[in-house]
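So the structure is just underneath, and the comments pick up after that.
The values are calculated or read from the model by the stated rules, or taken from the named source; none is laboratory data. Everything quoted here is computed from the prediction, not taken from an experiment. So basically every Cβ, Gly included, is an ideal-geometry build from the backbone, and we count neighbours across all protein chains shown.
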Amino acid sequence: MAYRSICRELFAKDHHVEVIQQLKDFDRGLSVEQQVALQDFLSVSALGAKTGQSRLQECKAKLDAMLIGHRYDDIRFCAVLLDQTPEIVASSSIYLEYDFHGNTLQPFAKDPLGALDVITFSVIATEIGGAVVFSWIDETHGACTRFAEFLNRLTKDRIGDAIVRFLFTYCENTFFSPSWWEVQPDQNRDKIRYRANLGTFFTNLPRSDSLTEDGFQFVRWNNLKLVSNVIW
């Protein structure tokens, strides 16, 4: 699951880097001020994209070695096992910034180009129901482990909704059942749309309380089991 998520993310990042390079020619016909503003924006975007690309390439290389050598001791995971097919599925990876209680997990804002902890996650259907799998390799700040620990502290009847909040806030590679969407109350749909739009602009980034309890119920994944090799 971790390898699948990283490969998907790297594929998207490679394309992102290519698009930014192409956009550098889009300032033709603009005023000098507009050209400077556009090029400055693209320079910052290119730096961030290339940094992310390099990090993902390093992560994939480590996973390549693990798969080839059949050595998985360095993989850490936290999985939520469901007894039903999930209405929502996803696969991606992010640099964690906040936990489910609004605490900062790592100094992302202070040093976004520095070493950051990346976590992969997948929501899949299985033969007996479904699984939500968080996994990671290295940690500089301990962000992934603390994230898993805070997830484990939630009551079981709130873990499913916490995961839904996480997915729609941080993952654009999320898919859901039309029948599930159709029965959602209007306020739930509005909340999902709001979360899905977070991060689309630099001025609309998720806040520290984006994952905290908001009282909305999106799923009923009550009969679940949490398993992990980092939480005891």
Pairs, first in the same structural domain as ARG189 (by TED's automatic domain parsing) in the stretch 146-166, second part of a helix (DSSP H, G or I) and of a type in the set (Lys, Arg), C-beta under 7 Å, six or more apart: ARG165/ARG195
Number of the exception - GLY29 against (1) in contact with a Leu (Cβ under 7 Å, 6 or more places away or on another chain); (2) not in a helix (DSSP H, G or I): (1)
GLN217 being assigned by TED's automatic domain parsing to the domain that holds HIS101, in contact (Cβ under 8 Å) with a residue 12 or more places away in the chain, more than 13 Å from the chain's Cα centre (by Cα) and part of a loop (DSSP other than H, G, I, E, B): yes
From VAL219, VAL227, residue being loosely packed, with under 13 Cβ neighbours inside 10 Å, under 25 Å from ALA131 (Cα atoms) and of a type in the set (A, V, I, L, M): VAL227
Residue in the stretch 51-82 that is modelled with the lowest pLDDT, counting only those that are outside any loop (DSSP other than H, G, I, E, B) and β-branched (Val, Ile, Thr): THR51
Criterion (within 28 Å of GLN57 (Cα to Cα) and charged (D, E, K, R)) met by exactly one of ASP138, ASP190, ASP209: ASP138
Residue in the stretch 83-94 that is outside any loop (DSSP other than H, G, I, E, B), within 16 Å of GLU139 (Cα to Cα) and among the polar types (S, T, N, Q) present: yes
Residue within the stretch 141-152 that is surrounded by 14 or more Cβ atoms within 10 Å (Cβ to Cβ), out of contact with any strand residue (DSSP E or B) (no Cβ under 8 Å at 6 or more places or on another chain) and not in a helix (DSSP H, G or I) present: yes
Residue, nearest to the chain's Cα centre (by Cα), within the stretch 178-210, restricted to residues that are at pLDDT 95 or above and assigned to a loop (DSSP other than H, G, I, E, B): GLN184
Breaking point among (1) touching a His at 6+ places or on another chain (Cβ under 9 Å); (2) in a strand (DSSP E or B), for VAL132: (1)
Residue satisfying condition, being within 21 Å of THR120 (Cα to Cα) and either among the hydroxyl-bearing types (Ser, Thr, Tyr) or in a helix (DSSP H, G or I) (or both), within set PHE168, PHE175: PHE168
Scope the stretch 91-115; condition aliphatic (A, V, I, L, M), in contact (Cβ under 8 Å) with a residue 60 or more places away in the chain and out of contact with any Ser or Thr (no Cβ under 7 Å at 6 or more places or on another chain); matching residues: ILE94
Only listed residue being touching a His at 6+ places or on another chain (Cβ under 6 Å), charged (D, E, K, R), surrounded by 14 or more Cβ atoms within 10 Å (Cβ to Cβ) and in the same structural domain as GLY130 (by TED's automatic domain parsing), chosen from ASP99, ASP117: ASP117
Candidates THR212, THR169, filtered to the one that is polar (S, T, N, Q), assigned by TED's automatic domain parsing to the domain that holds LEU96, touching a residue at least 40 places away in the same chain (Cβ under 8 Å) and touching a Lys or Arg at 6+ places or on another chain (Cβ under 7 Å): THR169
